[in-house]
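*Asks:* Structure provided below as structure tokens; questions to follow.
The values are calculated or read from the model by the stated rules, or taken from the named source; none is laboratory data. Since the model is a prediction, treat every value here as computed from it, not as a measurement. Cβ atoms come from the backbone with ideal geometry, glycine included; neighbour counts cover every protein chain shown. Protein only, heavy atoms only, side chains kept; ligands, DNA and RNA dropped before computing areas. Shrake-Rupley method; radii C 1.70, N 1.55, O 1.52, S 1.80 Å.
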Amino acid sequence: MENLLSVFSYSFFWRALIVGVLVSLCAALLGVNLVLKRYSMLGDGLSHVAFGAAAVALAVGAAPLKVAVPVVVIAAFLLLRISENGKIKGDAAIAVVSSSALAIGVIVATMTTGMNTDINNYMFGSILAVSKEDVVFTVIIAVAVILMYLLFYNRLFAATFDENFAAATGVKVKLYNCLLAVLTAVTVVIGMRMMGALLISSIITFPALSSMRVCRKYRSVTVVSVIISVFSFLTGLFLSVCYDMPAGASVVVVNLIIFLVLSFSGRIRK
Amino acid sequence: MKTLIEVENLSVAFEGNAVFKNLNFKINEGDYLCIAGENGSGKTTLMKCILGLDVKYSGAIKYGGITKNSIGWLPQRSETKRDFPASVFEIVLSGFAGKKETGLFYSSKQKKQALNYMETMEISGLKNRCFSSLSGGQQQRVLLCRALCAADRVLLLDEPVTGLDSSAVNELYTAIQRLNKSGITVIMITHDICSGLKYANKVLHISEGGYFFGEKSEYILTEYYKKAQGGI
Ligand SMILES: Nc1ncnc2c1ncn2[C@@H]1O[C@H](COP(=O)(O)OP(=O)(O)OP(=O)(O)O)[C@@H](O)[C@H]1O
Ligand SMILES: [Mg+2]
């Protein structure tokens, strides 16, 4: 408890709190559409690409975020094109791209800087690593994601429920898919610092899966996902500060527990 | 009369196998076109071409003053998503998603119209039910209401009566006829040629060797019609 009180006076804590809450919120919103479109592997693939890009950037002494954002956005476009194309299996393509990026990242890191704490932080996350720049960037992205949801909520629903019908009746499905991919890419990159590249994709999928256990309406799935996601983050952060647990991993475990509890109670209700 | 859709030399082939070749026809405003043909003759494919979905075709389709967001479509029953969490009302309203005036919320006028259609198709009681928990026929009615919401000028229906009970079939035909009388152009694929012909004014029959397009009165004199009759 003393830990918890004293920690409020550290600016790194406030930065982590702001970035964490906003990233959780964005991840939950994007996650609902990604999971329902069966694109949930996209987040996972992109996080590995983000790690690879960050490791290479560290090795050559460039700013990891500035390298990772464009690389991951391009990867997102490519993976989306492959998934839409339908000839090559989308999930297989993502698996190949993601493990290749991870492998390249690990090799570059070991050969140059070694597997130091920086690399470790990118893999598993650290709340100490959030910079002021990250905060500004996160706020911008969060505003973009929230605006997109508010303005295009109905069209996103139509495009997610039935892509063909939406496209046939004048919804710009391809545009929304691109928007979804780009925002997911950026969310993954900014969340990676704190949550870890290997853990970030679970905060995209878990809240949506959990809320779908108990909600039968799209609107309530969206709202409940956001609540679950932010709650899990705050609980995970609390555990990490009080008991010195790793933040990213704690958030994931809280999400897991919520998922299990909701699955169980959902079964009882049926 | 104004031509809404003009199809010129339309051909589609999948992996080198021709589905249909050199279709030519015109659909005028207010027409009620019935599309017939055996399984696999390319009716759904033709509809997808008209809707501008990803089908590679050669030839041309010209649209006279209609945009995508004035078209409603009932897809052929098949790939409805099993576990999608959405209420009946959310799905019916999504017919309006492509409209210009749709913003953060659907307008009260749109909601009223959606409820009206649901009343006609007798699914108002299912408004808050989860779509995936409905029976096949109920789902078909929901998707039909969604198509009606979207159809400002043109309504395309791909085998709308599959899975419906006889009273629902009657309601559906009456509702569509009423829409057609109010000026909406209807294009309907059906295997139920008798009922189709009762309401339609034009027929397109696609078959492997060729196709027929023309007035209903001409159609009933053709071999196509006799064959289709014999088939039942
Ligand atoms: N995406 C596709 N790839 C390859 N072949 C296809 C594709 N879609 C349709 N076909 C083929 O095109 C032909 C026409 O299919 P279509 O679905 O248009 O038939 P239909 O007239 O609607 O039949 P039904 O009465 O059974 O609905 C079929 O032989 C089908 O196998
Ligand atoms: Mg068909």
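*Asks:* Which one of these is at pLDDT below 85 and closer than 19 Å to A:Val188 by Cβ: A:Ala101, A:Ala93?
*Replies:* Exactly one residue qualifies, and that residue is A:Ala93.
*Asks:* Does B:Lys127 satisfy being away from ligand 1 (no atom under 16 Å from the Cβ), in contact (Cβ under 8 Å) with a residue 12 or more places away in the chain, open to solvent by 60 Å² or more (accessible area, probe 1.4 Å) and within 13 Å of chain A (Cβ to nearest Cβ)? Even if it seems obvious, please write down each step before you answer.
*Replies:* On the way: away from ligand 1 (no atom under 16 Å from the Cβ): yes; in contact (Cβ under 8 Å) with a residue 12 or more places away in the chain: yes; open to solvent by 60 Å² or more (accessible area, probe 1.4 Å): yes; within 13 Å of chain A (Cβ to nearest Cβ): yes.
The answer is yes for B:Lys127.
*Asks:* Another one. So which residues in the range B:149-175 are open to solvent by less than 20 Å² (accessible area, probe 1.4 Å) and in contact with a strand residue (DSSP E or B) (Cβ under 6 Å, 6 or more places away or on another chain)?
*Replies:* Passing the criteria: B:Ala150, B:Ala151, B:Val154, B:Leu155, B:Leu156, B:Leu157, B:Asp158, B:Pro160.
*Asks:* Please go through the range B:20-53 and pick out each residue that is within 24 Å of B:Leu197 (Cβ to Cβ) and assigned to a strand (DSSP E or B).
*Replies:* B:Phe20, B:Leu23, B:Asn24, B:Phe25, B:Lys26, B:Ile27, B:Asn28, B:Tyr32, B:Leu33, B:Cys34, B:Ile35, B:Ala36
*Asks:* Working only within the range B:21-36, note down all residues that are open to solvent by 10 Å² or more (accessible area, probe 1.4 Å) and within 15 Å of ligand 1 (Cβ to nearest atom).
*Replies:* Across the range B:21-36, the qualifying residue is only B:Lys21.
*Asks:* I've got another one for you. Which residues, taken from the range B:49-67, are within 14 Å of ligand 1 (Cβ to nearest atom) and facing another protein chain (nearest Cβ under 8 Å)?
*Replies:* Answer for the range B:49-67, where residues must be within 14 Å of ligand 1 (Cβ to nearest atom) and facing another protein chain (nearest Cβ under 8 Å): B:Leu51, B:Leu53.
*Asks:* Could you tell me which residue of the range B:12-48 is farthest from B:Gln76 (Cα to Cα), considering only residues that are within 14 Å of chain A (Cβ to nearest Cβ) and at pLDDT 90 or above?
*Replies:* The extreme case among them is B:Phe14.
*Asks:* Would you mind telling me which numbered condition in (1) in a helix (DSSP H, G or I); (2) at pLDDT below 95 A:Ala197 fails?
*Replies:* Checking A:Ala197 against (1) in a helix (DSSP H, G or I); (2) at pLDDT below 95, the one that fails is (1).
*Asks:* Test of understanding: among B:Leu179, B:Leu172, which residue is closer than 18 Å to B:Ser70 by Cβ, more than 16 Å from ligand 2 (Cβ to nearest atom) and out of contact with any Gly (no Cβ under 9 Å at 6 or more places or on another chain)? Outline the logic, then answer.
*Replies:* Working: B:Leu172 fails: closer than 18 Å to B:Ser70 by Cβ.
The conditions single out B:Leu179.
*Asks:* Answer yes or no: is there a residue in the range B:81-93 that is away from chain A (no Cβ under 13 Å), assigned to a loop (DSSP other than H, G, I, E, B) and open to solvent by 40 Å² or more (accessible area, probe 1.4 Å).
*Replies:* Taking every residue of the range B:81-93 in turn, none turns out to be away from chain A (no Cβ under 13 Å), assigned to a loop (DSSP other than H, G, I, E, B) and open to solvent by 40 Å² or more (accessible area, probe 1.4 Å).
*Asks:* Go through the range A:208-225 and report how many residues are more than 16 Å from the chain's Cα centre (by Cα) and part of a helix (DSSP H, G or I). Talk me through it step by step, then tell me what you get.
*Replies:* Taking the range A:208-225 as the starting set, the residues that turn out to be more than 16 Å from the chain's Cα centre (by Cα) are A:211-221, A:223-224.
Remaining after also requiring part of a helix (DSSP H, G or I): A:211-214, A:218-221, A:223-224.
Number of matching residues: 10.
*Asks:* Can you pull out every residue in the range B:142-175 that is free of Cβ contacts under 8 Å to residues at least 60 places away in the same chain and either aliphatic (A, V, I, L, M) or not in a helix (DSSP H, G or I) (or both)?
*Replies:* Within the range B:142-175, B:Val142, B:Val161, B:Leu164, B:Asp165, B:Ala168, B:Val169, B:Leu172, B:Ala175 meet the criteria.
*Asks:* Could you please find all residues in the range B:100-123 being more than 17 Å from B:Leu74 (Cα to Cα), assigned to a loop (DSSP other than H, G, I, E, B) and at pLDDT 90 or above?
*Replies:* B:Tyr106, B:Ser107
*Asks:* Within the range B:42-56, is there a residue that is more than 16 Å from ligand 2 (Cβ to nearest atom) and over 20 Å from the mean Cα position of the chain (by Cα)?
*Replies:* Checked the range B:42-56: at least one residue is more than 16 Å from ligand 2 (Cβ to nearest atom) and over 20 Å from the mean Cα position of the chain (by Cα).
*Asks:* Among the helices (runs of 4 or more DSSP H) confined wholly to the range A:109-183, which include 1 or more residues that are facing chain B (nearest Cβ under 9 Å) and open to solvent by 20 Å² or more (accessible area, probe 1.4 Å)?
*Replies:* A:132-161, A:163-168
*Asks:* Whether any residue in the range B:68-78 is free of Cβ contacts under 8 Å to residues at least 12 places away in the same chain, more than 12 Å from ligand 1 (Cβ to nearest atom) and surrounded by fewer than 16 Cβ atoms within 10 Å (Cβ to Cβ) is what I want to check.
*Replies:* No, because not a single residue in the range B:68-78 is free of Cβ contacts under 8 Å to residues at least 12 places away in the same chain, more than 12 Å from ligand 1 (Cβ to nearest atom) and surrounded by fewer than 16 Cβ atoms within 10 Å (Cβ to Cβ).
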